[in-house]
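First comes the structure, then the notes that go with it.
The values are calculated or read from the model by the stated rules, or taken from the named source; none is laboratory data. All of these numbers come straight from a predicted model, not from anything done at the bench. Glycine also receives a Cβ, built like all others from the backbone with ideal geometry; neighbour counts cover every protein chain displayed. Accessible surface is based on the protein model in full, side chains and every heavy atom, while ligands, DNA and RNA are left aside. Shrake-Rupley method; radii C 1.70, N 1.55, O 1.52, S 1.80 Å.
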Amino acid sequence: MNIIVVKDYKEMSRKAAKIMASQVILKPDSILGLATGSTPIGMYEELIRMYKNGDLDFSSVKTFNLDEYYGLNKENEQSYYNFMMKNLFKHVNVKKENINIPDGMAMDTEKECLKYEKKIEASGGIDMQVLGIGANGHIGFNEPYESFEPITHLVKLDEKTIKDNSRFFNSVDEVPKTALSMGIKTIMMSKKIILLASGESKKEAIIKTIKGKISPEVPASILQLHKDVTFILDEKAAEEL
Ligand code: F6R
């Protein structure tokens, strides 16, 4: 386990972008696992900047997002599809056919999840997966639970997650109550993982993840078993370490 502590959000974003960029430079046809949320926005901005400077080329890259709210269509302002378009894809040259995000409107969720899982497998597996972390220790939308959910599945979102994510919606009632998310095994199969965390609200989840018991009650704690995981934390998120 590799732990990098940096001063603040900006430095975290720059460090993460450099790691992602080196992955794409070394393997132009990388399979990237991507996250949404507030945490990776700065990293995406840096990647866009590098692309615009001519230092990065995404034309052979394939991407798989961790998750999508269930019941929101692509056009919905709050869908993760829309988030990814706005914060990364429309600014860089990832080919549309190489972008993969679970379909939040799939009628048959089981079929959609299986299809997603198979597509990741057929691509050769994720080379580098980016993760944020929930204040309750979730990764993707793998919420604290009595067991680890292995593969892409339909999740019932935790009350805490619904409350935390309500900041992006007009009211808490508008936050979808379910989502499609990669599973723990899907994430753990990634060849490399980088987990980004910034701010005091993440410090408890971080200490439990890195130093606590491995338990499905803190889903991110499973990362202790991954052979190539790097935590990029700002000072506030790392405060308890
Ligand atoms: C998003 C995702 C989530 C977030 C987590 C942290 O695709 O999978 O696990 O990474 O909820 O969200 P922020 O970054 O908004 O604090």
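Going by the structure shown, is residue 241 open to solvent by less than 20 Å² (accessible area, probe 1.4 Å) and farther than 23 Å from residue 32 by Cβ?
Criteria not met by residue 241.
Does the range 16-37 hold any residues that are within 16 Å of the ligand (Cβ to nearest atom) and within 15 Å of residue 232 (Cα to Cα), and which are they?
Quick first cut of the range 16-37, residues within 16 Å of the ligand (Cβ to nearest atom) only: 16-17, 20, 32-37.
The answer is 16, 17, 20, 35.
Taking the range 86-106, which residues are assigned to a loop (DSSP other than H, G, I, E, B) and under 15 Å from the mean Cα position of the chain (by Cα)?
Correct list: 88, 101, 102.
Filter the range 120-156 down to the residues that are more than 16 Å from the ligand (Cβ to nearest atom) and over 24 Å from residue 86 (Cα atoms) and list them by number.
Listed by number, the residues that qualify are 121, 122, 123, 124, 125, 146, 147, 150.
Take the range 192-241 and flag every residue that is among the acidic types (Asp, Glu) and in a helix (DSSP H, G or I). Give the derivation first.
If we filter the range 192-241 for residues that are among the acidic types (Asp, Glu), which is where we start, we get 200, 204, 217, 228, 234-235, 239-240.
Scanning the range 192-241 gives 200, 204.
Identify all residues within the range 37-58 that are touching a residue at least 60 places away in the same chain (Cβ under 8 Å) and crowded, with 22+ Cβ neighbours inside 10 Å; write none if there are none.
39, 40, 43
For the range 150-191, give me each residue that is closer than 19 Å to residue 229 by Cβ and in contact with a helix residue (DSSP H, G or I) (Cβ under 7 Å, 6 or more places away or on another chain).
Correct list: 150, 184, 186, 188.
I'm trying to understand the selection: among the residues of the range 59-111, which are open to solvent by less than 50 Å² (accessible area, probe 1.4 Å), farther than 23 Å from residue 184 by Cβ and hydrophobic (A, V, I, L, M, F, W, C)?
Answer for the range 59-111, where residues must be open to solvent by less than 50 Å² (accessible area, probe 1.4 Å), farther than 23 Å from residue 184 by Cβ and hydrophobic (A, V, I, L, M, F, W, C): 61, 72, 85, 88, 89, 92, 94, 99.
Residues 181, 201: which one is under 17 Å from residue 37 (Cβ atoms), within 16 Å of the ligand (Cβ to nearest atom) and open to solvent by 60 Å² or more (accessible area, probe 1.4 Å)?
The unique qualifying residue is 201.
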